[in-house]
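K.L.:
Sharing a structure below in structure tokens format, with a few things to ask.
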Amino acid sequence: MHENTPEITEIILKARDKAIKETSREAEPEMTRPINWPVDCIVGPGLEGAIACETRIGYVNGSKGWLIYRGYNIFDLCAYATFEEVSYLLMYGYLPSKTQLAAFKKKLIEYRTAHQTKRLLMGFPIEKMKSMAALRLGTNLMRQEFTDVDSEKYLDNVARIIAADEDSIPMETTPMGEEHAIYEFKRKQREAMIKEDLKHATGFESCFHLLAGVASLTGGIACLRKGRMPIEHDPELGFAGNLIYTMTGKKPTAIEERIMDVCLILHADHGMNASTFAAMVVASTLSDVYLSVGSGIAALQGSLHGGANERVIKMLKEIGSEENVPAWFAKKRMKKEKIMGFGHRVYKSYDPRARVLGPLARYMTRENKASKHLYKIARRLEKEVINTLGAQKKIFPNVDFYSGIVYSSMGIPSDMFTPIFAVSRVAGWTSRVQEYLRNNRIFRPRAMYVGPFDKEFVPLENRGNKKQSNI
Ligand code: COA
């Protein structure tokens, strides 16, 4: 595997060895045991520390800086596997055999055309929209192109919970004459049906459609934003190669294809982050996996989450040169502003994904003057931030710090960075949605009411223009 890019494997293995040397392999016992509900945990603002569910999909050890998918460490997966294998692993829980992988790849090729959705997208002003808004729209439009529910094969299967839309859920009438979805009433039966559904993997089809389709839409959106027609996939290229090709129109080199593949593996899953949680909350209402992934895309767009990589490039350009870094950083510190691409809710050590992306950025920019310049500013900034905030506040580079430099050096425009993140994260979102639905319970936290009581209602005509305080 990866015989044609041994130098990339070597870079990844070096990063792995460094990580092993600098951290340890111990799991946190309090975060790696079965839950006995109800669970005691200390919850901070933004649900920090809250435990929402059990999972077998992935584990992030924030204090040591480890990322595990289904028991495999991220470095080994990047060094030896492909994104298609990793997506299969996340979804099914085991690495595919040669035959299983071939069938999986065939399925992704079958689903990747998304012609109808791209045609629908052309009716919208894609060039004026944010690329992530276009991707979310496209994902929702894909719902019209295909679902399990629409496919003849599954028409008689009432367990089409995940992809079902409101009208396709069988209804029954209550004594009061109101219609309610059957699943409200027959929980046991529904659970049995979901299990049966998963056994036959029917619910997975929409997930695979999304995995292939979101990548295809990303390529299409990149073209449409430049006023060009979407490019057809190249049968000679794999998933990662086609992602570059359909976005840029340029055939990637073996190195570029491999590095994109590694980037996709690195971004595929990451615990209960904001976008994964958003996708799971939507799925937990027994909504639709297309809408669920659409919600993940919406959450990922934010600059505190996936949108940070685009802002990193803007920031590096604004800094302008290595020499400007200290003064620029001092000004930011004075204003107490956050530095894009640094810090993490869970990692209080060096993000393992940045351990791989940093050296890959260095490798990719060695012959590209403009990107090399950005890389050098980034390295200088990293030193400055770690020296000041590393030990004190546990602030280190995160996954977004170097990914933008890698993508820029491939000629990918910065407005497509977050969509690439989304392409990869579809694997994590859909795997976690599938896993959660096996023991689904609708997410429903509570808020502490701190407002007043017993206010006297003032009729409209008697109200003054007073300003509201404590909104
Ligand atoms: N630059 C400078 N200081 C930072 C920082 C950053 N990027 N991220 C966190 N801090 C500081 C905060 O100012 C705060 O300091 P204080 O204790 O003096 O108030 C402390 O670290 C805790 O920050 P907080 O915002 O509470 O952490 P969080 O867990 O809520 O936020 C992020 C995590 C990712 C949202 C935050 O680190 C951030 O905004 N980073 C920049 C955006 C980014 O790169 N996002 C991609 C994440 S993968």
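K.L.:
Within the chain, what percent of beta bridges assigned by DSSP are antiparallel, to the nearest 5? Each step should come with its number before you reach the end.
P.N.:
Values: 10 of 11 bridges.
If I count the DSSP bridges inside the chain, around 90 percent turn out antiparallel.
K.L.:
What list of ³J(HN,Hα) values in whole Hz, one per residue of the stretch 325-335 in order, does the Karplus curve 6.51 cos²θ - 1.76 cosθ + 1.60 (θ = phi - 60°) give from phi, with Gly and Pro shown as x?
P.N.:
4, x, 5, 4, 5, 4, 5, 4, 5, 4, 7
K.L.:
Could you sort the peptides 8-14, 389-395, 66-72 by per-residue average Cβ neighbour count (10 Å cutoff), highest mean leading?
P.N.:
On the way: 8-14: 18.0, 389-395: 13.7, 66-72: 19.6.
Highest-to-lowest ranking by the protection proxy: 66-72, 8-14, 389-395.
K.L.:
Using θ = phi - 60° and the Karplus form 6.51 cos²θ - 1.76 cosθ + 1.60, what ³J(HN,Hα) does each residue of the stretch 82-93 get, whole Hz, x for Gly and Pro?
P.N.:
Values per residue, Gly and Pro as x: 10, 4, 4, 5, 5, 5, 4, 4, 4, 6, 9, x Hz.
K.L.:
Calculate the translational D of the stretch 309-409 in whole µm² s⁻¹ from Stokes-Einstein, where the hydrodynamic radius comes from the Kirkwood formula applied to all Cα pairs, the temperature is 37 °C and the viscosity 0.692 mPa s. Mind dumping the intermediate values first?
P.N.:
Working: Rh = 13.4 Å.
Result for D is 245 µm²/s.
K.L.:
Over the chain, what is the mean sequence separation of C-alpha contacts under 8 Å (at least six apart), divided by residue count, expressed as relative contact order in percent?
P.N.:
Working: 649 pairs, mean separation 93.9, N = 471.
It comes to 20 percent, rounded to a whole number.
K.L.:
Further, regarding this structure: Please say if the stretch 1-91 is rounded, prolate or oblate, where rounded means a/c under 1.5 for a ≥ b ≥ c the square roots of the C-alpha gyration tensor eigenvalues, and otherwise the choice is prolate for a/b larger than b/c and oblate otherwise? Before the final figure, lay out the partial values.
P.N.:
On the way: a/c = 3.02, a/b = 1.89, b/c = 1.60.
Here the stretch 1-91 falls in the prolate category.
K.L.:
Using only the alpha carbon atoms of the stretch 216-274, find the Kirkwood hydrodynamic radius as the inverse mean reciprocal pair distance, in angstroms to one decimal. Intermediate results must be reported in sequence, preceding the final value.
P.N.:
Details: mean 1/r = 0.0820 Å⁻¹.
With all distinct Cα pairs of the stretch 216-274 included, I get 12.2 Å.
K.L.:
Now, a different point. Exposure proxy check: CYS53, CYS207 ranked by fewest other beta carbons within 10 Å?
P.N.:
Values: CYS53 16, CYS207 26.
Going from least to most buried by this count: CYS53, CYS207.
K.L.:
Output the relative contact order of the stretch 309-409, whole-number percent, from Cα pairs under 8 angstrom with separation of 6+ residues. Don't skip to the answer; put the middle values down first.
P.N.:
Values: 124 pairs, mean separation 45.7, N = 101.
So the answer I get is 45 percent.
K.L.:
For a quick check: sort ILE57, ILE259 by the number of other beta carbons within 10 angstrom, fewest at the front. Before the final figure, lay out the partial values.
P.N.:
Numbers: ILE57 22, ILE259 27.
By the 10 Å Cβ count, ascending, the order reads ILE57, ILE259.
K.L.:
Restricted to Cα positions, what overall size does the chain have along the principal axes? Three whole-Å values, descending.
P.N.:
75, 65, 51
K.L.:
Could you name the lysines in cross-link range of LYS128, using Cα to Cα under 20 Å and dropping any fewer than eight places away on the same chain?
P.N.:
The reachable lysines, counting only those whose Cα sits under 20 Å from LYS128, are LYS118, LYS226, LYS314.
K.L.:
Taking amide H positions as placed 1.01 Å from N in the peptide plane, with prolines and chain starts having none, which residues 5 or more places from TRP66, or on another chain, fall under 5 Å of its amide H?
P.N.:
ASN61
K.L.:
Checking the table LYS18/LYS369; LYS372/LYS393; LYS130/LYS250; LYS18/LYS348; LYS348/LYS376 against a 20 Å threshold on Cα-Cα, which pairs fail?
P.N.:
Working: LYS18/LYS369 28 Å; LYS372/LYS393 29 Å; LYS130/LYS250 23 Å; LYS18/LYS348 17 Å; LYS348/LYS376 24 Å.
Result: LYS18/LYS369; LYS372/LYS393; LYS130/LYS250; LYS348/LYS376 exceed 20 Å.
K.L.:
Hey, another quick one. Rank these for me by crowding, HIS233, HIS2, going from fewest to most other beta carbons within 10 Å.
P.N.:
On the way: HIS233 20, HIS2 17.
Lowest count first: HIS2, HIS233.
K.L.:
Taking θ as phi - 60°, what are the ³J(HN,Hα) couplings along the stretch 249-262 by the Karplus curve (6.51, -1.76, 1.60), each to the nearest whole Hz, with x for Gly and Pro?
P.N.:
Here the 3J(HN,Hα) series is x, 10, 5, x, 6, 4, 5, 4, 4, 5, 5, 4, 4, 4 Hz.
K.L.:
Describe numerically, in nm with one decimal, the distance between label points set 7 Å from Cα along Cα→Cβ at TYR72 and at ILE442.
P.N.:
Calculated label separation equals 3.8 nm.
K.L.:
Rounded if a/c is under 1.5, else prolate if a/b beats b/c, else oblate: with a ≥ b ≥ c from the C-alpha gyration tensor eigenvalues square-rooted, which is the stretch 410-470?
P.N.:
On the way: a/c = 4.99, a/b = 1.86, b/c = 2.68.
Oblate is the answer for the stretch 410-470, as a/c is 1.5 or above yet b/c matches or exceeds a/b.
Laboratory data are not the source of any read-out in this text; all were calculated from the coordinates shown. On a predicted model such as this, the values are computed, not experimentally measured, just so you know. Backbone-built Cβ (ideal geometry, glycine too); neighbour counts: all protein chains shown.
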